[in-house]
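Accompanying notes for the structure given below.
Values in this text are rule-based calculations from the coordinates and carry no lab data. Note that the structure is a prediction, hence the values are computed from the model and not measured. Cβ atoms come from the backbone with ideal geometry, glycine included; neighbour counts cover every protein chain shown.
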Amino acid sequence: MSVLDRADFEALDAKDPLAFARERFHLPDGVIYLDGNSLGALPKATAGKIDTVIREQWGQDLITGWNKHGWVDLPRRLGAKIAALIGAQADEVVVCDSTSLNVFKLLSAALALRPDRKVILSDNGNFPTDLYMAQGLAQLLGRDHRLELVAPDKIIDRIDTDVAVVMLTEVDYRTGRRHDMAAVNARAKAVGAHTLWDLAHSAGAFPVDLNGTGADFAIGCGYKYLNGGPGAPAFLFVARRWQDATQQPLFGWFGHAAPFAFETAYQPKTGIDRFLVGTPPVLSMAALACGLDTFEGVDLSLVRQKSLTLGDLMIQLVAQECAGFGLTLASPTEGVRRGSQVSYAHIGGYAVMQALIARGVIGDFRAPDLMRFGFTPLYVRYQDIWDAVATLKTVLTTAEWRLPAFNQRAAVT
Ligand SMILES: *Cc1c(COP(=O)(O)O)cnc(C)c1O
């Protein structure tokens, strides 16, 4: 492969069809942000929008805002916007609660479809909160459900007639390895199992096709690629065919058939609304709406293309510039098997990342030794990859990562 230099990256930026989207974000000067997979950047519209909702809507209209400003419809309205990003119908997605809670709700709904089966199947690289939620639910149900974990590449073969639910995160948060959603859904369907997908690292990162691949249930995160802000509300998807056939166990009044009838007995609404629990967090939803608006007019297939090129270039450039410094690529080299991030193992991974952050290149670290670099094609430029790798090279050649200051662990890594 030919040697890359900065001009190659600038040339790609000059003809990038997504370059316009970067203007939609507030990005601090001197920072290269490669952590949108953990917390999306701030859209320029967010602060003004929140200010309006606070001062004009809440401040002036008080409780009448629920009807007047449609606050009460926010879970559905934002759900419809997310549906367009993940291959779902508008009435199959709602925004509500946190990712963790939605795992609990939908896993419970999915398990009830196969009361005869006891296995919840997942992979051993899945995000811990998903696994914890499954363990807690199994304990609460007290019906001998068993969470079984196998290596990611063993999932398909393990899906058999004893499996009730296959619960997977499509893209591994550490390595970026991507499951074959269509193949998993097909195999599950063939043996009468159901699928629950976590799209935390998929929604907004590339086109997802839940209905086209036959997914049953899905959940996802509002604060990563959807740019909803720290702790933004999450979303859930229930395929239409299961909406009235299943229930979630948290009987809250927003899932009731007639919340304002104030009846004493629970009666679930029909459709996706029964998966709601309580009052929507309007201010947080307003911020998430701005995050979703950054996708206005954006072709997700271009997002995918750019994300893969950014990743391929990073891999090529690290090999060119940083060989011999103990970095081991932990992500698939093949784009089709990768999400929107590239990870490297390094013995001093935590400290190297701290040194990078001190120099304005923000990625993050996941134990035991992985440095993650996430690509959000809406605001990451090609030249940022060049500059990030140049900084990485400096940090490694000077060995400044060995300084004690970079080796003290903070609470959030
Ligand atoms: C980020 C993430 C979560 C986060 O769950 P919260 O309830 O928002 O804390 C869950 N699952 C996966 C796979 C994630 O990447």
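Before moving on, here are some points about what is shown:
- Shape category assigned to the stretch 274-328 from the gyration tensor of Cα positions, a/c cut at 1.5: prolate
- Our note on the geometry: Cα centres of the stretch 319-370 and the stretch 59-91, 38 Å apart.
- For the chain, the relative contact order works out to 22 percent when only alpha carbon pairs closer than 8 Å and six or more residues apart are counted.
- Helical segments meeting 24 Å axial Cα length and Kyte-Doolittle -1.0 threshold in the chain (DSSP H): 300-321, 382-398
- Highest average packing first - 49-57, 189-197, 349-357, Cβ atoms within 10 Å: 349-357, 189-197, 49-57
- The length gained on full extension between Asp312 and Val336, counted as 0.36 nm times the residue separation minus their Cα-Cα distance, comes to 7.5 nm.
- Overall, the stretch 170-266 carries a charge dipole of about 240 debye about its Cα centre when +1 sits on the Cβ of Lys and Arg and -1 on the Cβ of Asp and Glu, all other atoms neutral.
- For the chain, a simple Cβ point-charge model (Lys and Arg +1, Asp and Glu -1, everything else neutral) yields a dipole of about 460 debye relative to the Cα centre.
- Mean residue ellipticity (222 nm) of the chain, computed from DSSP H runs ≥ 4 via -39,500 (n - 2.57), nearest 500: -10500 deg cm²/dmol
- Among the trypsin sites (Lys or Arg not before Pro) in the stretch 308-410, those located in a DSSP loop and surrounded by at most 12 other Cβ atoms within 10 Å of their own Cβ are Arg409.
- Global form of the stretch 188-315, assessed from the alpha-carbon gyration tensor, a/c cut-off 1.5: oblate
- Packing rank of 217-225, 316-324, 60-68, where each peptide gets the mean count of other beta carbons within 10 Å, highest leading: 217-225, 316-324, 60-68
- Listed residue pairs exceeding 30 Å between alpha carbons, taken from Lys15/Lys224; Lys189/Lys269; Lys105/Lys224; Lys269/Lys306; Lys15/Lys49; Lys68/Lys306: Lys269/Lys306; Lys15/Lys49; Lys68/Lys306
- Other-chain or far-sequence residues with amide H under 5 Å of His194's (modelled H): Val165, Val166
- Projecting the Cα atoms of Ala182, Val298, Leu288 onto the charge dipole of the stretch 174-302 (Cβ charges, centred on the Cα centre) puts Ala182 farthest toward the positive pole.
- Its relative contact order, with pairs defined as Cα atoms under 8 Å and 6+ residues apart, puts the stretch 194-284 at 22 percent.
- Cα gyration tensor, the stretch 1-118 - rounded (a/c under 1.5), prolate or oblate: oblate
- Ordering Leu85, Gln243, Leu356 by the projection of their Cα atoms onto the charge dipole of the chain, which places +1 on the Cβ of Lys and Arg and -1 on the Cβ of Asp and Glu, puts Gln243 at the extreme positive end.
- Ranked by the mean number of other Cβ atoms within 10 Å of their residues, highest first, the peptides 26-32, 238-244, 40-46 come out as 40-46, 238-244, 26-32.
- Here the simple spin-label model places points 7 Å from the Cα toward Cβ, and for Leu140 and Ala7 these points are separated by 6.2 nm.
- Our summary gives the stretch 59-217 a relative contact order of 23 percent, counting only alpha carbon pairs under 8 angstrom and 6 or more residues apart.
- Beta bridges from DSSP with both residues in the chain: antiparallel share about 55 percent, rounded to the nearest 5.
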